[in-house]
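Peer 1: Quick one: the structure is below, and I'll ask about it shortly.
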């Protein structure tokens, strides 16, 4: 229909065009920040740590100039699911209690549900910021640099970094290929089937066809990627690039350490 909005897909593992101070940060710094934030919110999932991390992410979004178009369209069933989850959690009651005359409502369950929801959103936003501001090619050298001390324990850090880099590069390509296959399937004329048994059988056949086509596409992409890596000098070149923190990275790490310290201090000592 004319004027009908098309749903925006999820944009992941693809940096947003443009440059900023956040884009120029070392990929290892962003990984450390996400790890520190995740560790903080895992042990101290209070409102104040969540709020401080949310403020930190908001400032990063403004500096990086992330457009609203990268956010996916949220379907209506998701909001219904959130509403049902909040309503179910509100039935658990608990303190604090809201006094409405002769009616007392326990808000503890609802507040816990809202806190878990906010925590999930903050963690997803932190991971998305790394995806939107980091080139995939910079991930493997950063992981190899961060894991260099573990080589003393004979841990194959470089091989793990190469495997991570290949997985991150292959995921967007395979996602596009599967979207193309799904669109081609929808364009095929649907046969008229009279019974449920025939419809179920047809569904199983189509699923098998899609899986076979997906495996074929994955193998073809893997062969092309292998030829490209061989032409560029092998897998060792993926993690061999020089990478390390600069002055701006140390400033960001200091700010994140300060926020984490304040959050832990507030949770343990209070105001």
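The values are calculated or read from the model by the stated rules, or taken from the named source; none is laboratory data. For clarity, every value in this text was computed on a predicted model and none was experimentally measured. Cβ atoms come from the backbone with ideal geometry, glycine included; neighbour counts cover every protein chain shown.
Peer 1: What's the total number of residues in the range 247-267 that are without any contact (Cβ under 8 Å) to a residue 24 or more places away in the chain and closer than 11 Å to residue 44 by Cα?
Peer 2: 1
Peer 1: I'm told residue 122 meets every condition in (1) over 23 Å from residue 60 (Cβ atoms); (2) at pLDDT 85 or above except one. Can you identify the failing condition by its number?
Peer 2: The one condition residue 122 does not meet is (1).
Conditions (1) surrounded by 12 or more Cβ atoms within 10 Å (Cβ to Cβ); (2) within 18 Å of residue 263 (Cα to Cα); (3) modelled with pLDDT of 85 or more, marked per residue:
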{"position": "36", "(1), (2), (3)": "yes, yes, yes"}
{"position": "40", "(1), (2), (3)": "yes, yes, yes"}
{"position": "45", "(1), (2), (3)": "yes, yes, yes"}
{"position": "54", "(1), (2), (3)": "yes, yes, yes"}
{"position": "82", "(1), (2), (3)": "yes, no, yes"}
{"position": "104", "(1), (2), (3)": "no, no, no"}
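Peer 1: Let me ask something else. Working only within the range 56-68, note down all residues that are part of a helix (DSSP H, G or I) and either farther than 12 Å from residue 256 by Cβ or not assigned by TED's automatic domain parsing to the domain that holds residue 128 (or both).
Peer 2: Passing the criteria: 58, 61, 62, 63, 64, 68.
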